[in-house]
Structures are given as structure tokens and as C-alpha cells.
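Below is one structure, written out as C-alpha cells, with a few remarks after it.
The values are calculated or read from the model by the stated rules, or taken from the named source; none is laboratory data. Note that the coordinates shown come from a computational prediction; the quantities given were computed from them, not determined experimentally. So basically every Cβ, Gly included, is an ideal-geometry build from the backbone, and we count neighbours across all protein chains shown. Side chains are part of the model used for accessible areas, which takes the heavy atoms of the whole protein and leaves out ligands, DNA and RNA. Shrake-Rupley method; radii C 1.70, N 1.55, O 1.52, S 1.80 Å.
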Amino acid sequence: MMIKAKIAAWCMFTVRSTSRHATHCLKCQTGVVKPHVASIEEMAVFHTDSYLQHLHKISQDGDNDDPQSVDFGLGYDCPVVEGIFDYAAAVGGATLTAAQNLLDGKCDVSINWAGGWHHAKKDEASGFCYVNDAVLGILKLREKYERVLYVDVDLHHGDGVEDAFSFTSKVMTVSLHKFSPGFFPGTGDVSDTGLGKGRWYAVNVPLEDGIRDDRYCQTFTSVMQEVKALFNPEAVVMQLGADTMAGDPMCSFNMTPIGVGKCLNYILDWELPTLLLGGGGYNLANTARCWTYLTGTVLGQTLSSEIPDHEYFTEYGPDYSLEISPSCRPDRNESQHLERVISTIKGNLKNVV
């Protein structure tokens, strides 16, 4: 049986749409859609008016001296630069447009690689994130879908998204991330499971340095199998930060795009409306490699290993290939520890109604 699905692959200002094949047949269609820039009103569905108005004001001239900025988390890892409000609104608008295309049935999978700003809070910028487009996208999908699942495979805990939905059972958040003393943002222990009516609807998978594709994928599928069975989502938002890649300056995980692609395929096989977002990634060439590979995964395409000649070709040396090779760093995730984490999560999920 041939299964056909329309897919929209998003970047900041463009969308490519095609058809994903399930078995032996591949049939593609291509199109481009330009996202809109989010208005203050659209962003205020989550963020406070006071925060948005302040960000807009200081963004106009890159004012770093406003004493009120500290109260809104601006400065240090969220510096004020001229035009930052417009950039944040563009990122938020791209995710909202992607979500709207899912709601309208124009595609089954949509991507905004510029999005995934998962640290931003309701009234505060955090961790290079000024607007939480992931939350905006989830809220947009909630206009139609009763239960939305958020899956975060960035190196860092998706704290802003978890906080936003910590009191509701309508959105389940799942985050696999490095959890270590002093590592940003310092949250996301396995014991953090949500609050009030949202208790048990936050799932955290804390990991140690050095994890590779095989062990990561085994952990991911073990957890997501239970999540799917017990939460039964109607739509999915997945954040695919590339700072887990081998060679990233964070020097933490030891992943390759192939491993992340297997996790993505596991979600895509559910055949639910799915919004894919970017996130972290501090080796720019490897981030591009990862998201290019994942776009090919979504489209059912096997991409050439050879990096084509372009303006930034020299950034991909010395091998100039699409592949990322893991380093020789040790994996500090002991099997018994991971088994205990997975067992704890499965026990917690039994409380999901």
C-alpha cells in the first residue's frame, strides 16, 4: 500500500512542500510559502504586554542601558541589538504560519529551522531566546487539536515550554537533555513531572556527556512508545536543536544527524500533524549539516555526501562532506542509570489519565 502525505519544510522565510513515501514509491511536489511576521497581539497570546512593549522599545535603537531590561532577562545571554524585536517577530510568525498550514490541512509536516526558542518565558528572555515560538505554535495547534505533544531533543532542557504548560494535561512536554550541576538552565530532572492538573504531563530524560546515536535512540524510543500509548497525542511539535552533534563547542553529546534522524522518523511514522523546529547549534557548519540531513529525512530523500560549491563552502573543511563523525570521547551514561530513568518515567506515565 502506498501512503501519500503532504509535507512542508520551512526555513525562516520559505516553505518547500513535497510528498513523503512510506514504501517503494516516491512522488514529489514542490512549493514555496512566505511566512508572515507575528504581531504584538499574536505574541501576546503567551507573552505579557509589558515584556513585548519593552522589547519593542529598546529594539528600535539597540538600547543596552535601560535599567528595566534586567527585569525582563535582557542583557548577558540575551543582548539587546537593533532590530531584535523584528527578528523575534519573524521567527514567531514563521512558526505560527507553519502551524496554521497544519490546521488548514495544507501539509502534514511543517518545519521552521529558525525557530525552537524554547527558553523564553512569559515575561522574560532567556538563553538567547526572546520569544517562545514553540509555545506560540503549540497554542495555535490547540485551537483544533485536543492533545498536543511537545518533544525536545536539544542539548538543553526545554524549560520555557515546560513552564508554560506545567499546569495543564492538554499538552505533554518531553525533553531529553544534558542534566549536570551548573549546566544551563539547571532544570529538567526526572523528578520534575508537572504541577496541579499537569502533574505527570512533563517528562524529563536527564542524560550525561558523551551519549552516542545507538544509546540515545534506544532511550528515545523506549520513552516515546509509552508516551504515545498513554497520552495519545493528536498533533506533535518537535524541537531539533543541533547542539547535540559531535564537534559542537558545547562538547557534551556525541551524536550525528543519523541518530537524530532515526528519532525523527519514529515520530513521523505516527502520521500525525507535526511541526518541526530548530534550536541550538554552535558549530554552524554542523548545524547546517544536521538540519539539511533531517530535511532530507522528512522528504524521503537520500542526499549526496558531497557539499556543493557555494558562498560558505570553506566552512565545511577539511572533508567537505555532509556526514558528521563521532569523536572518541567516552560515554558517561551508564546502562543501569538509563534503565532506572526509563523505569521511573514509565512508572510516572501510568498516572496519565
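Structure above, values below:
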| item | result |
| --- | --- |
| Conditions (1) out of contact with any strand residue (DSSP E or B) (no Cβ under 7 Å at 6 or more places or on another chain); (2) in contact (Cβ under 8 Å) with a residue 60 or more places away in the chain; (3) under 30 Å from residue 231 (Cα atoms): number failed by residue 332 | (3) |
| Whichever residue in the range 321-343 is of a type in the set (Lys, Arg) and assigned to a loop (DSSP other than H, G, I, E, B) and, among such residues, is nearest to residue 287 (Cα to Cα) | 329 |
| Residue satisfying all of: in the range 80-136; of a type in the set (D, E, K, R) and over 24 Å from residue 186 (Cα atoms); least open to solvent (accessible area, probe 1.4 Å) among these | 108 |
| Residues of the range 296-343 that turn out to be closer than 30 Å to residue 191 by Cβ, open to solvent by less than 70 Å² (accessible area, probe 1.4 Å) and more than 24 Å from the chain's Cα centre (by Cα), as a count | 2 |
| Every residue from the range 235-261 that is aliphatic (A, V, I, L, M), in contact with a strand residue (DSSP E or B) (Cβ under 6 Å, 6 or more places away or on another chain) and over 19 Å from residue 322 (Cβ atoms) | 235, 236, 237, 238 |
| Out of 219, 193, 244, 187, sole residue that is more than 20 Å from residue 332 (Cα to Cα), of a type in the set (S, T, N, Q) and crowded, with 16+ Cβ neighbours inside 10 Å | 193 |
| Subset tally (residues that are open to solvent by less than 20 Å² (accessible area, probe 1.4 Å) and of a type in the set (S, T, N, Q)) for the range 137-179 | 3 |
| Filter result for residue 226 (over 25 Å from residue 295 (Cβ atoms) and surrounded by fewer than 22 Cβ atoms within 10 Å (Cβ to Cβ)) | yes |
| Breaking point among (1) open to solvent by 30 Å² or more (accessible area, probe 1.4 Å); (2) part of a helix (DSSP H, G or I), for residue 286 | (1) |
| Residues being farther than 19 Å from residue 156 by Cβ, open to solvent by less than 60 Å² (accessible area, probe 1.4 Å) and outside any loop (DSSP other than H, G, I, E, B) - total across the range 197-207 | 1 |
| Lone qualifier among 126, 69, 59, 39 - being farther than 19 Å from residue 173 by Cα, out of contact with any Ser or Thr (no Cβ under 6 Å at 6 or more places or on another chain), polar (S, T, N, Q) and at pLDDT 95 or above | 39 |
| Qualifying residue in the range 68-75 (condition: of a type outside the set (A, V, I, L, M), farther than 26 Å from residue 106 by Cβ and open to solvent by 40 Å² or more (accessible area, probe 1.4 Å)) | yes |
| Residue satisfying condition, being out of contact with any strand residue (DSSP E or B) (no Cβ under 9 Å at 6 or more places or on another chain), in a loop (DSSP other than H, G, I, E, B) and open to solvent by 10 Å² or more (accessible area, probe 1.4 Å), within set 182, 210 | 182 |
| Residue, farthest from residue 110 (Cα to Cα), within the range 262-278, restricted to residues that are open to solvent by 40 Å² or more (accessible area, probe 1.4 Å) and not aromatic (Phe, Trp, Tyr) | 262 |
| Tabulated pairs, the range 218-232, first under 10 Å from residue 349 (Cβ atoms), second part of a helix (DSSP H, G or I) and not acidic (Asp, Glu), C-beta under 6 angstrom, 6+ apart or interchain | 223/345; 226/346; 226/349; 230/349 |
| Which listed residue, of 281, 259, is at pLDDT 95 or above, within 17 Å of residue 210 (Cα to Cα), open to solvent by less than 30 Å² (accessible area, probe 1.4 Å) and not in a helix (DSSP H, G or I) | 281 |
| Residue identified as open to solvent by less than 10 Å² (accessible area, probe 1.4 Å), modelled with pLDDT of 95 or more and assigned to a loop (DSSP other than H, G, I, E, B) among 249, 233 | 233 |
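Yes/no matrix, rows are residues, columns are (1) touching a strand residue (DSSP E or B) at 6+ places or on another chain (Cβ under 6 Å); (2) within 13 Å of residue 151 (Cα to Cα):
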site	(1), (2)
174	yes, yes
193	yes, no
196	no, no
225	no, yes
233	yes, yes
263	no, yes
